[in-house]
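One structure is given below, encoded as structure tokens.
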Amino acid sequence: MPKFEREVEIDAPVEKVWEILTNPTLWSKWFPGIDAISESPALSENTTFEWTKDAQTGTCTIVKMVPMKLLEIRTQLGNDKDAHVFKLRPSGGLFGLTDDECKVEYTLDTLMGGGILGNFVAGGNPKDMLRVKKAMLTFRKMVETM
């Protein structure tokens, strides 16, 4: 299962980052592959809702939530399944004393089978690498300007 990772430091406290990260109404602006959310559910573990991409409907399930620390999401569009894991940790200030910034680590796991050869081919997929990079840069910009 090829994984793509990206870490960004956001000039905002963890609480603000978490608030925006867990707001599905904003996902269409930064979350990779999501054009729109069908409804804005209250997020909690095992919540499932629908989203669209290019007029196709997929499902999104919240697998795990640890407030201010971890959000794990599973998306599925047809047979394409992806796991999205966001880890947050406070940072910033002299020796991390003020914690006025937040580091966000995003891991996209394509949940693709295919053994060693499949992982080798998909693991070098520049499309997924760019999706992750663009998502994190867009997310950082959104948080810092809100």
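A short reminder: the numbers here are calculations on the coordinates, not readings from a lab. Everything numeric here is computed off the predicted structure, so don't read it as measured data.
Computed values, structure above
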read-out: Sequence-distant residues sharing a close amide H with G58 (under 5 Å, placed H); value: W51, T52, K53
read-out: Distant-in-sequence amide H partners of L70 (H built 1.01 Å from N, under 5 Å); value: L88
read-out: Under 16 Å from K16, Cα to Cα: lysines that are on another chain or at least 8 residues apart; value: K69, K87, K103, K141
read-out: Cross-link partners of K81 among lysines (Cα-Cα below 20 Å; sequence separation of 8 or more within a chain); value: K3, K53, K64, K127, K133, K134
